[in-house]
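**Q** Please see the structure below; I have some questions.
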């Protein structure tokens, strides 16, 4: 079982948008005019110019102006200086922008920033905040689960989401569960070991060196 | 002259012991700032208009509307009316705007009229290439015709390996900010010390005005040496935007279309020899493309260069596609695949174990003893004697298991490099070097060398790299970095230590030449009772630091580094002959690396080399649309990379051996990334009983080889 379910998308995701277009443009995200939106009475139309929104990032409310077409990933990286999540494929394939939104592992490039209002956005930066270090981070270090490191934050967040739901995974489950992320340097061997070691640490086994239980 | 040689293998305290990479925490916590993460006050975003046509001329271009779009700060045209474009994705115009969406809007508002011309993008059909194929001229040695006639067995095969893209996860690009006539430059680069000079030439300004900073970069694999037109136009957009900082990185489709490819290679090959496995003749007709400028000439026969009778014909073909760049072991994957597939086919023809055919012919290679030791080791690790069988003799079920083997060779000597070591009165040590860590562990390796040389521990060394203000070190390419930076660091550390000994000797009442630095102390050799701590010793410096440099000179590496790495890999696969799916069971890699400084990151390099080429063996292929002349899969859904569950198990054996250690440090990045494709291709042939001529070994290609469908389309 993959920890990411591509079918369960929110209406404002770009993939949902595309599917909506194909299905006759019925999704609320693509109503043609503000009047139409109001007539439907379900959604307040925004844009096309930038609009102020508040995003809850790692528990903190953050005010920011975004265009309705802007992805959560681009907003975090470009406007809120949360650059841990990376933009690589920019279309929900590679997992480099993996974050946890409302306790669900998500690709930040497939969520519009305006659609992330009112949701709990957890980024890689939260794993080493307030003087605490989540055990997954040192497990990646100990097992050399990174080379250039560009895919690594995505892997770490995917691992966190996976372990939250699968605290005692087998080796084969780790290989399935992390299947939504791609690496070019070839760090998979280290990642497999790191996730198993982090699982052990999280269950209260030998704590990975350098971790404080966050 | 001081003695710079490495400490004897059994006396090393730091080198040779596994060490976590120093930047592991920064990377795994998302705190590491890559060039594409740089955000500057008032920064604007650059976006490129690229050609949709593979071959065309620009009839007219009008940027009036684009200039008036919201947020636009600059519009530039680099392909004005009359320009001939030779590949889809070629740059035409550039926009900077306050936001990336605004810049994209403005790019869409640029009006271009194209005069579309005929294109050629499918080089595999050599017969259609016409004058685009440039023959290299026939090379002959011995008498091939006679040898073919006299042979006990002759294998004949067609072999094809496609164009790949580098697919760096961090795309090519940079942030540039002018400060008066000086420039801050944050490139994603493999060449911290030389990229400014390259950009300066394009901009016609002194290189001394460009300051390069790059702590991390998201993958290069050979494609990120120059500043490119992307750097120059980023700088010009910044100028035109009133000096505002500009961030310009290629989008994914452009990255996969124009930011470099690995050339393809195709060949019809005959291998002939005797019943006992002795190879007597090689004949090949090969062709390749590296894009519009052609290129791509694999050195075949690979490794077995001493085959007595050889006839080679090669042609480089020009296509209307983005150009080639160095790709982790340039031309070697192709040469290895062509050669070892052909030799395996010869072994199958004479019904002999390919391992024994290789061993029988090692006299035709430059390193017979090394390869034999490595082959035997790999054979043992892979259970070869138990699992190998005659080609196709894989039982009656749908799942067929097979093994395949291939060898590699690479240079890997150290590049020119200079290092500065400062020892401060407070005991702190700074190491400065204008090198870069591509993710291979350079930071960690130089810290380990300095710590070893100074009798300290790794955390005692403050490593400063990724800045062109530091002493010049070469670009990271060709596996030349580790030899260069480790040798220059060793020399700088020995030189600095010699200075420290001069300051400390009077207090210890000893000859400076009799001192040594061990375990955080300076002591008299043979009399450890006469010693002082490192800190106390450094206090003798008074107020001035020691600052000494060391240089690696590739013409005289003084035994610290060398070239010539061998290597053997064996692949173990299972193939489903109903679906054509190849499953990786295991890859065994015996890696030659000379002296190993950090076994942990060295092993990671080998894992990486193997995995990258599992992708190349099973999935990766740039697919061109023959009608439109565009890359059909310039994305990550259909330009496929292996995921974490696709790679099977990988077993690495670092060939750490006193004989190897004596040779000094050798680069490891490329040698580990050469033989996997050939080994997997051979394993598949062994499993299913026929050669799949084309990689990737996708279900389509496997089923075509098995059942003969569609074969005509791939023939020259």
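Values in this text are rule-based calculations from the coordinates and carry no lab data. Just so it is clear, the structure is predicted and the values come from calculations on it, not from any experiment. Counting neighbours? That spans all protein chains shown, and the Cβs are built from the backbone with ideal geometry, glycine included.
**Q** Mean residue ellipticity at 222 nm from the helices of chain B, using -39,500 (n - 2.57) per DSSP H segment of n ≥ 4 over the full residue count, to the nearest 500 deg cm²/dmol?
**A** Calculated at 222 nm, the ellipticity per residue is -8000 deg cm²/dmol.
**Q** Go through B:246-257, B:677-688, B:32-43 and give me the packing order, highest mean Cβ count within 10 Å leading.
**A** B:677-688, B:246-257, B:32-43
**Q** I would also like to ask the following. Quick check: from the Cα gyration tensor, does the stretch B:4-135 come out rounded (a/c under 1.5), prolate or oblate?
**A** Verdict is oblate for the stretch B:4-135.
**Q** Can you sort B:241, B:208, B:604, B:417 from fewest to most other Cβ atoms within 10 Å of each residue's own Cβ?
**A** B:208, B:241, B:604, B:417
**Q** Size of the stretch B:168-220 along its principal axes in angstrom, Cα-based, largest extent first?
**A** Projected onto its principal axes, the Cα set of the stretch B:168-220 covers 32, 18, 15 Å.
**Q** Give me the distance between the Cα centres of the stretch B:63-106 and the stretch A:116-132, rounded to whole Å.
**A** One Cα centre to the other: 37 Å.
**Q** Let me ask you something else. Taking 0.36 nm per residue of sequence separation and subtracting the Cα-Cα distance, how much length would be gained by fully extending the chain between residue B:649 and residue B:134, in nm to one decimal?
**A** 181.2 nm
**Q** Contour minus end-to-end for residue B:274 and residue B:143, with contour as 0.36 nm per residue of separation and end-to-end as the Cα-Cα distance?
**A** Answer, rounded to one decimal: 45.6 nm.
**Q** Then there's this: What would the Debye formula give as log10 I(q)/I(0) at q = 0.04, 0.07, 0.09 Å⁻¹ for the alpha-carbon point model of the protein assembly as shown, no solvent?
**A** -0.19, -0.61, -1.01
**Q** Say each of residue B:498 and residue B:457 gets a label point 7 Å from the Cα, pointing the same way as Cα to Cβ; how far apart are those two points in nm?
**A** It is 3.0 nm.
**Q** Would you mind getting me the FRET efficiency between residue B:511 and residue B:369? Use the beta-carbon distance for r and R0 = 45 Å, nearest 0.05.
**A** So, using R0 = 45 Å, E works out to roughly 0.55.
**Q** Right, here's the next one. Could you tell me which of rounded, prolate or oblate describes chain B, using a ≥ b ≥ c as the square roots of the eigenvalues of the alpha-carbon gyration tensor, with rounded for a/c under 1.5 and, failing that, prolate when a/b is larger than b/c and oblate otherwise?
**A** Oblate, because a/c is 1.5 or more while a/b does not exceed b/c.
**Q** For the residues A:107, B:371, B:159, what sequence is obtained by ranking on other C-beta atoms within 10 Å, fewest first?
**A** B:371, B:159, A:107
**Q** Run the numbers on the stretch B:18-90 and let me know its relative contact order in percent, using alpha-carbon pairs under 8 Å that are six or more apart.
**A** Contact order relative to length: 37 percent.
**Q** Determine the gain in length on full extension of the stretch residue B:351-residue B:424; use 0.36 nm per residue of separation and subtract their C-alpha separation, reporting nm with one decimal.
**A** Between residue B:351 and residue B:424, full extension yields 19.5 nm more.
**Q** Also: Distance from the Cα centre of the stretch B:123-159 to that of the stretch B:599-625, in angstrom?
**A** 29 Å
**Q** Taking the Cα-to-Cβ direction at residue B:396 and at residue B:556 and moving 7 Å from each Cα, how far apart do the two end points lie in nm?
**A** The modelled label-to-label distance comes out at 7.3 nm.
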